[in-house]
Amino acid sequence: MKIEPTLEGGLRVDMESPLDWHVLMAIVHDARGADKDLADRLGGLIEEDAGAEDWQEFVVPELREGFDDQLRAVAEAIGSAMHQSQDGIGSVRIRRTDGAVWYGALNQARLALEELHHLSAGMPDALDEDQELEWRSASARSYLYGKIQHFLFDLVIR
């Protein structure tokens, strides 16, 4: 996978193999992988005396809709580009106008991976071989998502 800026102020993500498509589509899978979605997790941070009930009723549904819209847009962009690719080789273009949507979807995925695997704490000592592979895979995806966010922020969103 290669990431390059476009002349229009966006990014082009070039897939060099069919596996790259699955890694990129994992953004959506990872974002939805936590026990609770991000809107619920954020809503859970509000204490009762600070209006938690109102937050759950009025804010969480709107947050959820916005987060779902981000994931849907990213999934559609990847799916469309994947469908147009030949033999697994192709590109996803992220236009300047879509930069914030992609940034948000990547952020959702990284937050969910952190919640599930506690990546920032480092790899736990007592993991069997399968758990270690899962942890390392999650860590690598989170790193990739962070790099894409870096490019988006520096080159697209500015």
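Compute the helix-to-body angle for 60-84: its Cα long axis versus the longest principal axis of the chain, expressed 0 to 90° and rounded to tens.
Approximately 20 degrees, to the nearest 10.
Of all the stretches in the chain, which is the longest one without any exposed loop site, taking GluC sites (Glu not before Pro) in a DSSP loop (any state but H, G, I, E, B) with at most 16 other Cβ atoms within 10 Å?
Result for the longest clean stretch: 48-158.
How big is the stretch 1-132 by Rg and Dmax over its Cα atoms, in Å?
17.6, 57
Indicate the gyration tensor shape class of the stretch 113-158 (rounded, prolate or oblate), computed on the Cα atoms with a ≥ b ≥ c the square roots of the eigenvalues: a/c under 1.5 is rounded; otherwise a/b larger than b/c is prolate and the rest oblate.
prolate
Dividing the convex hull volume of the Cα atoms of the stretch 92-137 by its residue count, what figure in Å³ per residue is obtained?
Per-residue hull volume (Cα only) is 81 Å³.
How do ASP14, ASP49 rank when sorted from fewest to most other Cβ atoms within 10 Å of their own Cβ?
ASP49, ASP14
All of the numbers you see were taken from the coordinates with simple rules; none came from a lab. Treat the numbers as computed from the prediction; the structure is a model and nothing was measured. Every residue, glycine among them, receives a Cβ derived from its backbone with ideal geometry; neighbour counts consider all protein chains shown.
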